[in-house]
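*Asks:* Would you mind keeping the following structure in view while I ask a few things?
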């Protein structure tokens, strides 16, 4: 029985085809009666299979166009048109076989990730690596992943790594990851052995989530092809009515059978499933799991797009922007505070710890292994580093008594910028405030524009964050409306309200997004960093950490739906014309069966165009250009701390005695490092961008900003060099004004470069 369920389509096609060919061979020898018996046997096989399909559809209470095929087969036997019945049986068998193959192909695309799930891990112990079952890995365990091995659980790198992430992202080029970055289970170590700290158990890691998602997609009982269902509702009664009229007028049941033969709805049974499943398969290749044909059709129909903010429009991974330290007196410099803090955070699985460790490595700081590390839930972490007791966490745990002025200033700055704060104490003395922010994804504005070009008419930001932060993100990305301070119930209400106006697509990545995802016309979950309840509730799941994939998935869905509609329209239109000819008595059943085969082939040929390369908003770039852009982005990332120093130096010039040494040191670095980087971008990055976007006009704004940055640094150098004696307040005011102006230009320029240039590069690792 199990073999029959798995192979019945192949068995039916082989048996009916063999009987049809055998009948033709026998008929050629003159034994017409024997040939008729052989053809009648093929017809009976088709009739039995069609009956089983109708019974299954009735149990599911679903409409089925198989009733026409059943009547055509039964009618062919009744009027003695055994050859026509055999042709119909082969046609039906080929249809169900192609549908099964299309579904199996999509399942293979979805299941390819599951087949290579890791089974064991190597725990790093004092005695060396010890292999353990992956289910025994606990959060905080240190693991070793050798060259060519699969990363067993989600974790945080303790050193740089080169990874092959193609199984999850589809991107064939190896990817360089930095120490402190989070990586996902299932990717392959393509470089030297690496060490990582487990941040999730195997059950909660990315691969386990992907397994659940694939199983859910494969077990989905949603209507497979609603286009076919809608056409069938009108097509079946019209066919039966025309066959009845032909029989009544001519008094000949053969005409009715001829109508049923050419009306056999194989374009519905074949073309639509092929087009839709081709779309599901293509989406899976770019890292988008679509849970069935109904979800693909809903994705194609969407007109209103609702986004959550954190982790969707923003990176969802905080990045260190600055380290505020006391002004004047004896205190540790910001770099040393960061080094000590990052050394302790190497042992922490907290989401902010990874950002701090990554920032320290980006600045070239040498971290040491901490001792006596203790993590207090809800407060922070503490440990011993190079003889110093380092404590990181909330202000109440770090600062006792009255809050120093520099700490109040840092908190005020964080509130204005929408930043997160981590307070640091060295040997029980407050030493610094680490400022972190969740930046907007550089490709988000481009993706929103691409979605509008694909047919999305309204974009809405729905978030539980503060109104000022949400409005700022909304302005940068380019949405039509912003709803802030929303809890899960508010999001659900907003989705339902938008759904009443037009078909909706809701995009989110958190547990609190699950109700809204389930209520939307189609829910899209971002599960690149682990599958949560949102992925379970969604109809579409992105396993890649790029929003570009959503725009491409919508383009794929709309193209495949259009192809399916064309295949149905052409196939059923030709069938309708043949039905009229048959009803008039000019098309006998045998000839009608052969004609219907030709119509089926035409419809299938149209449907197969869904497998051809589809339009994409992704910009094509040469491998050499990608490598150059990625190198320049690494340099771009390295000078970010230098940009933040501009603001820090300006803030420090707020009261006498004015110390201009930090300003002069800053200028030296700006002239040596920053300007060299800007010159390299002008010479190498902008030509790449012009080739990708089709002209130098696309780069003129960035080129003008490069010139303005160099001009402002020159003005700043002249102003500082003029202050050879002790500076007066009005002199320092000019320097601060120039510093703040330069800082604003640099921040805007960096944002424009990340959106306009670096977002074109596959996986630029922008945090």
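The values are calculated or read from the model by the stated rules, or taken from the named source; none is laboratory data. This is a predicted model, so every value here is computed, not measured. Note that we place each Cβ from the backbone using ideal geometry, even for glycine, and neighbour counts take in every protein chain shown.
*Asks:* In the stretch 557-571, what residues are buried (at least 24 other Cβ atoms within 10 Å of the Cβ) and either over 19 Å from residue 607 (Cα atoms) or over 31 Å from the mean Cα position of the chain (by Cα) (or both)?
*Replies:* Matches in the stretch 557-571: 571 only.
*Asks:* Just to be sure before I move on: is residue 366 farther than 26 Å from residue 310 by Cα, out of contact with any strand residue (DSSP E or B) (no Cβ under 9 Å at 6 or more places or on another chain) and in a helix (DSSP H, G or I) in the structure I sent?
*Replies:* No: the conditions fail for residue 366.
*Asks:* May I ask you to list the residues in the stretch 676-691 that are closer than 13 Å to residue 629 by Cβ and either touching a helix residue (DSSP H, G or I) at 6+ places or on another chain (Cβ under 6 Å) or in contact (Cβ under 8 Å) with a residue 60 or more places away in the chain (or both)?
*Replies:* 681, 684, 685, 686, 688, 689, 690, 691
*Asks:* Is there a residue being assigned by TED's automatic domain parsing to the domain that holds residue 324, modelled with pLDDT of 85 or more, touching a strand residue (DSSP E or B) at 6+ places or on another chain (Cβ under 6 Å) and over 27 Å from residue 160 (Cβ atoms) anywhere in the stretch 383-393?
*Replies:* Yes.
*Asks:* Given the conditions (1) under 30 Å from residue 313 (Cβ atoms); (2) not in a strand (DSSP E or B), report the number of the one that residue 396 does not fulfil.
*Replies:* Unmet for residue 396, out of (1) under 30 Å from residue 313 (Cβ atoms); (2) not in a strand (DSSP E or B): (1).
*Asks:* Go through the stretch 572-593 and report how many residues are buried (at least 16 other Cβ atoms within 10 Å of the Cβ) and in contact with a helix residue (DSSP H, G or I) (Cβ under 7 Å, 6 or more places away or on another chain).
*Replies:* 13
Yes/no per residue for (1) free of Cβ contacts under 8 Å to residues at least 60 places away in the same chain; (2) surrounded by fewer than 19 Cβ atoms within 10 Å (Cβ to Cβ); (3) closer than 30 Å to residue 281 by Cβ; (4) assigned by TED's automatic domain parsing to the domain that holds residue 739:
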position: 603; (1), (2), (3), (4): no, no, yes, no
position: 607; (1), (2), (3), (4): no, no, yes, no
position: 636; (1), (2), (3), (4): no, no, no, yes
position: 668; (1), (2), (3), (4): yes, yes, no, yes
position: 698; (1), (2), (3), (4): yes, yes, no, yes
position: 703; (1), (2), (3), (4): yes, yes, no, yes
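*Asks:* Another question, then. Give me the residue from the stretch 170-207 that is modelled with pLDDT under 75 and crowded, with 22+ Cβ neighbours inside 10 Å and, out of that set, nearest to residue 149 (Cα to Cα).
*Replies:* Applying the filter and picking the extreme gives 207.
So that you can scan it fast, the table gives a plain yes or no per residue for (1) surrounded by 20 or more Cβ atoms within 10 Å (Cβ to Cβ); (2) assigned to a strand (DSSP E or B):
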{"residue": "422", "(1), (2)": "yes, yes"}
{"residue": "431", "(1), (2)": "yes, yes"}
{"residue": "442", "(1), (2)": "yes, no"}
{"residue": "452", "(1), (2)": "no, no"}
{"residue": "464", "(1), (2)": "no, no"}
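*Asks:* What's the number of the only condition in (1) touching a residue at least 24 places away in the same chain (Cβ under 8 Å); (2) farther than 30 Å from residue 462 by Cβ; (3) in a helix (DSSP H, G or I) that residue 332 fails to meet?
*Replies:* Status for residue 332: all satisfied but (3).
*Asks:* Looking at residue 384 and the list (1) within 33 Å of the chain's Cα centre (by Cα); (2) more than 30 Å from residue 470 (Cβ to Cβ); (3) in a strand (DSSP E or B), which single condition is not satisfied?
*Replies:* In the conditions (1) within 33 Å of the chain's Cα centre (by Cα); (2) more than 30 Å from residue 470 (Cβ to Cβ); (3) in a strand (DSSP E or B), residue 384 misses (1) alone.
*Asks:* Would you point out the residue of the stretch 349-371, among those that are within 26 Å of residue 153 (Cα to Cα) and free of Cβ contacts under 8 Å to residues at least 60 places away in the same chain, that is farthest from the chain's Cα centre (by Cα)?
*Replies:* Only one residue fits best here, namely 371.
*Asks:* On to the next question. Identify, please: which residue in the stretch 13-29 is farther than 18 Å from residue 590 by Cβ and touching a helix residue (DSSP H, G or I) at 6+ places or on another chain (Cβ under 8 Å) and is, among those, modelled with the lowest pLDDT?
*Replies:* Ranking the candidates gives 13 first.
*Asks:* Taking the stated definitions as given, is residue 391 under 19 Å from residue 505 (Cβ atoms) and surrounded by 15 or more Cβ atoms within 10 Å (Cβ to Cβ)?
*Replies:* no
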